[in-house]
């Protein structure tokens with residue numbers, strides 16, 4: 001059998017013939033820290049499988065030779081290049097063909113999975129007869145392609161429904177979520193879970209002896225893919241998807257359901273052909289191109305922070321919603337945390353919310369006490385002296401913050417960093433009297449902390465480069481995406497978001513119903529409407545930001561945001577704001593059926609946001625257009641399928657949008673005057 005490989009040299013694959021006749025096939029992509037399928041790797045695998053088919057071994061075990069994981073999927077940079085060349089069809093066909101050769105190999109085939117197994121990694125595993133996964137907590141198995149605007153195209157959508165049943169398979173592919181080894185075993189995606197030390201032994205045992213899936217599992221897998229089941233289930237699936245993702249914005253989930261409904265009963269080649277045609281079509285859509293770009297933006301932000309943050313102990317001052325949640329999240333992510341406030345009752349409230357977070361996030365009840373123990377209330381602030389990072393999260397009042405720094409800084413360690421969670425105050429206003437400005441920065445989180453991925457690292461001209469690096473590394477350690485921004489009023493996200501919210505409040509004051517305003521924004525692709533957002537942020541917070549930003553931007557403020565709200569009417573947190581809130585949901589008044597929204601309402605809401613994004617780029621609030629798009633997407637939820645404000649301006653046409661702004665200026669006033677920067681060449685480039 002070993003003679004089959006005479007004269008062949010492989011760059012990405014290693015083979016080992018065991019004495020028992022089992023071949024270990026190891027993927028070790030040359031020159032790459034992580035296994036991802038390139039076309040070179042697929043071509044090599046094709047050649048290798050053809051040789052194996054001539055003289056089949058007793059069994060084949062597919063494994064990764066890299067310690068950090070199994071296979072991350074396809075090489076997305078290469079995928080982008082195929083899209084530019086118009087050769088996505090060839091790339092999809094090759095992957096399907098190679099994996100089908102594996103599926104047809106006349107011997108037992110077993111995939112031995114450890115660490116991440118995503119996309120193409122899961123798809124090649126599905127082409128094996130059996131799958132065994134490591135019990136290690138790092139093992140995650142998934143098909144996240146829908147998050148890139150496509151769906152599994154190398155046989156994943158053709159094989160998974162037949163393996164685990166359509167409902168479970170479609171849920172996995174439609175959500176893009178990943179599974180632990182244990183959850184994958186319960187679903188039937190994995191045949192066995194083994195300790196890392198005996199993973200290969202377990203895979204060899206499966207190759208030698210096989211296993212029989214329970215009858216009920218096999219029967220349901222057959223039943224849910226029959227023609228009647230597909231006709232019943234497909235519309236239900238589409239209805240569920242529509243609640244979260246409009247078809248006009250996100251076509252991939254609907255295309256996946258349609259392909260399964262039409263072709264799910266065909267033989268494997270028919271299912272593969274239908275899969276390939278649909279994925280090739282999706283890959284050329286603006287949605288897919290923008291979502292792939294966002295993936296690379298995410299990777300860029302993750303890369304800003306290395307591992308050397310030198311932070312073990314975090315001290316948070318201010319146990320309000322933001323401070324308490326920052327403290328809880330830091331403890332959840334492994335840091336020792338002390339939480340200080342002027343009264344114990346505020347600390348107790350924050351610790352109670354932290355317990356709710358831990359109960360939701362830490363699935364293993366036995367591990368929760370250790371996580372909770374990392375967070376300690378600290379009324380007297382004794383933790384300041386031990387902390388490597390002190391985060392201030394008190395009220396948005398420059399005087400109060402400066403007074404606090406005067407008491408904190410003398411007690412801090414020499415190499416500790418002091419960070420403020422201010423949402424809009426320029427750092428030059430806050431650093432007065434600070435003894436070590438080089439170690440002072442902004443670390444601006446977004447609400448809710450557990451859900452919002454972005455943290456703005458706020459710079460000022462006296463800050464050391466090492467401070468920014470440490471904070472970026474800290475953000476990475478707590479699973480957040482850092483975006484470095486200039487310390488001017490509102491920084492990036494609030495500065496871009498404020499004119500949008502302000503115009504929504506102005507429209508509301510004119511008598512346009514809140515539900516109508518919200519509907520226009522959601523139709524554009526925003527995650528929630530601006531009136532609901534104002535209530536969610538809090539009218540008190542919005543008024544505070546307005547006080548700081550309105551003079552800077554030269555914008556008039558409507559009465560609803562010109563002063564702090566009445567007691568008990570701050571929005572969602574009080575149960576009453578612009579809307580009434582019940583069980584965490586806004587109760588929006590009914591709108592008359594014959595009510596006609598103004599034709600320019602969407603433009604009135606979104607163009608101020610785009611206008612300010614252009615100004616931020618012009619003012620170098622961020623280093624480049626990509627960072628701006630990333631910050632606004634991850635900080636506001638700005639329609640991801642549009643690729644961010646600058647990508648949207650490029651796609652729509654800067655000159656066309658500029659004319660719309662001028663029309664709004666003529667109709668509604670100077671708040672729509674074009675901001676500096678609309679003549680920048682970067683706005684007229686083609687989207688990458």
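The values are calculated or read from the model by the stated rules, or taken from the named source; none is laboratory data. In this text, all values refer to a predicted model and were calculated from it rather than measured experimentally. A quick note on method: Cβ atoms are made from the backbone with ideal geometry, for glycine too, and the neighbour counts reach across all protein chains shown.
Could you grab me the full set of residues in region 25-37 that are in contact with a helix residue (DSSP H, G or I) (Cβ under 8 Å, 6 or more places away or on another chain) and either surrounded by fewer than 17 Cβ atoms within 10 Å (Cβ to Cβ) or more than 15 Å from residue 124 (Cβ to Cβ) (or both)? Walk me through it before giving the result.
To start, the set of residues in region 25-37 that are in contact with a helix residue (DSSP H, G or I) (Cβ under 8 Å, 6 or more places away or on another chain) comprises 25, 27, 29, 35-37.
Selection gives nothing.
Could you please let me know if residue 181 is in the same structural domain as residue 259 (by TED's automatic domain parsing) and buried (at least 24 other Cβ atoms within 10 Å of the Cβ)? In short, yes.
Checking the condition closer than 22 Å to residue 297 by Cα, in the same structural domain as residue 340 (by TED's automatic domain parsing) and within 28 Å of the chain's Cα centre (by Cα), which residue from 497, 454 passes? Let's see the steps before the verdict.
Working: 497 fails: in the same structural domain as residue 340 (by TED's automatic domain parsing).
When all the criteria are applied, what remains is 454.
Could you check, for region 290-299, whether at least one of its residues is touching a strand residue (DSSP E or B) at 6+ places or on another chain (Cβ under 8 Å) and at pLDDT below 95? Walk me through it before giving the result.
Quick first cut of region 290-299, residues touching a strand residue (DSSP E or B) at 6+ places or on another chain (Cβ under 8 Å) only: 298.
Of the ones still in play, those that are also at pLDDT below 95 are 298.
Yes, the conditions are met somewhere in region 290-299.
Residue 211 satisfies every condition listed in (1) under 23 Å from residue 275 (Cα atoms); (2) loosely packed, with under 14 Cβ neighbours inside 10 Å; (3) more than 30 Å from the chain's Cα centre (by Cα) except (1). Within region 274-308, the set of residues being under 30 Å from residue 338 (Cα atoms) and surrounded by 21 or more Cβ atoms within 10 Å (Cβ to Cβ) comprises 301, 305.
Within region 267-283, identify whether any single residue is outside any helix (DSSP H, G or I), out of contact with any helix residue (DSSP H, G or I) (no Cβ under 8 Å at 6 or more places or on another chain) and without any contact (Cβ under 8 Å) to a residue 12 or more places away in the chain, and answer yes or no.
We begin by selecting, within region 267-283, every residue outside any helix (DSSP H, G or I); these are 267.
Checking which are out of contact with any helix residue (DSSP H, G or I) (no Cβ under 8 Å at 6 or more places or on another chain) leaves us with 267.
Retained after the next criterion (residues that are without any contact (Cβ under 8 Å) to a residue 12 or more places away in the chain): 267.
Looking for residues that are outside any helix (DSSP H, G or I), out of contact with any helix residue (DSSP H, G or I) (no Cβ under 8 Å at 6 or more places or on another chain) and without any contact (Cβ under 8 Å) to a residue 12 or more places away in the chain, one finds at least one in region 267-283, hence yes.
For region 326-349, the criterion of being outside any helix (DSSP H, G or I), touching a helix residue (DSSP H, G or I) at 6+ places or on another chain (Cβ under 7 Å) and modelled with pLDDT under 95 is met by no residue.
Looking only at region 218-239, which residues are touching a residue at least 12 places away in the same chain (Cβ under 8 Å) and either in a loop (DSSP other than H, G, I, E, B) or surrounded by 14 or more Cβ atoms within 10 Å (Cβ to Cβ) (or both)? The answer is 220, 221, 224, 225, 226, 229, 230, 233, 234, 237, 238.
Within region 425-445, how many residues turn out to be within 20 Å of residue 627 (Cβ to Cβ) and surrounded by 22 or more Cβ atoms within 10 Å (Cβ to Cβ)? So that I can check it myself, show each step before the final result.
Let us first name the residues in region 425-445 that are within 20 Å of residue 627 (Cβ to Cβ), namely 426-427, 441-445.
Filter again for surrounded by 22 or more Cβ atoms within 10 Å (Cβ to Cβ), leaving 427, 441-445.
So the answer is 6.
Applying the criterion of being more than 23 Å from residue 248 (Cα to Cα) and modelled with pLDDT of 95 or more to the residues of region 627-653, the residue that is nearest to the chain's Cα centre (by Cα) is 631.
Go through region 480-540 and tell me which helices (runs of 4 or more DSSP H), entirely inside it, have 3 or more residues that are within 20 Å of residue 246 (Cβ to Cβ) and touching a helix residue (DSSP H, G or I) at 6+ places or on another chain (Cβ under 7 Å). Walk me through it before giving the result.
Values: elements: 493-509, 514-524, 530-537.
Answer list for region 480-540: 514-524, 530-537.
Just one of the numbered conditions (1) more than 36 Å from the chain's Cα centre (by Cα); (2) surrounded by 14 or more Cβ atoms within 10 Å (Cβ to Cβ) is not true of residue 199: (1). The set of residues in region 22-51 that are farther than 30 Å from residue 80 by Cβ and modelled with pLDDT of 95 or more comprises 22, 23, 24.
Rundown of residues vs (1) at negative phi; (2) free of Cβ contacts under 8 Å to residues at least 40 places away in the same chain, yes/no style:
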site: 571; (1), (2): no, yes
site: 577; (1), (2): yes, no
site: 582; (1), (2): yes, yes
site: 597; (1), (2): yes, no
site: 613; (1), (2): yes, no
site: 625; (1), (2): yes, no
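Matching residues to (1) assigned to a loop (DSSP other than H, G, I, E, B); (2) under 20 Å from residue 223 (Cα atoms); (3) touching a helix residue (DSSP H, G or I) at 6+ places or on another chain (Cβ under 7 Å):
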| position | (1), (2), (3) |
| --- | --- |
| 124 | no, no, yes |
| 132 | no, no, yes |
| 138 | yes, no, no |
| 141 | no, no, yes |
| 145 | no, no, no |
| 151 | yes, no, yes |
| 160 | no, yes, yes |
| 163 | no, yes, yes |
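In this structure, is residue 529 at pLDDT 90 or above and surrounded by 19 or more Cβ atoms within 10 Å (Cβ to Cβ)? Here the answer is yes, as residue 529 does meet what is asked.
Only one of (1) touching a residue at least 12 places away in the same chain (Cβ under 8 Å); (2) surrounded by fewer than 18 Cβ atoms within 10 Å (Cβ to Cβ) fails for residue 537. Which number is that? Of (1) touching a residue at least 12 places away in the same chain (Cβ under 8 Å); (2) surrounded by fewer than 18 Cβ atoms within 10 Å (Cβ to Cβ), only one is false for residue 537: (2). Residues of region 638-674 that are surrounded by fewer than 20 Cβ atoms within 10 Å (Cβ to Cβ) and part of a loop (DSSP other than H, G, I, E, B): 653, 669, 673, 674. Could we say that residue 588 is closer than 20 Å to residue 519 by Cα, surrounded by 13 or more Cβ atoms within 10 Å (Cβ to Cβ), touching a residue at least 60 places away in the same chain (Cβ under 8 Å) and in contact with a helix residue (DSSP H, G or I) (Cβ under 9 Å, 6 or more places away or on another chain) here? In short, yes. Scanning region 463-487 for residues that are over 16 Å from residue 415 (Cα atoms) and free of Cβ contacts under 8 Å to residues at least 60 places away in the same chain yields a count of 1.
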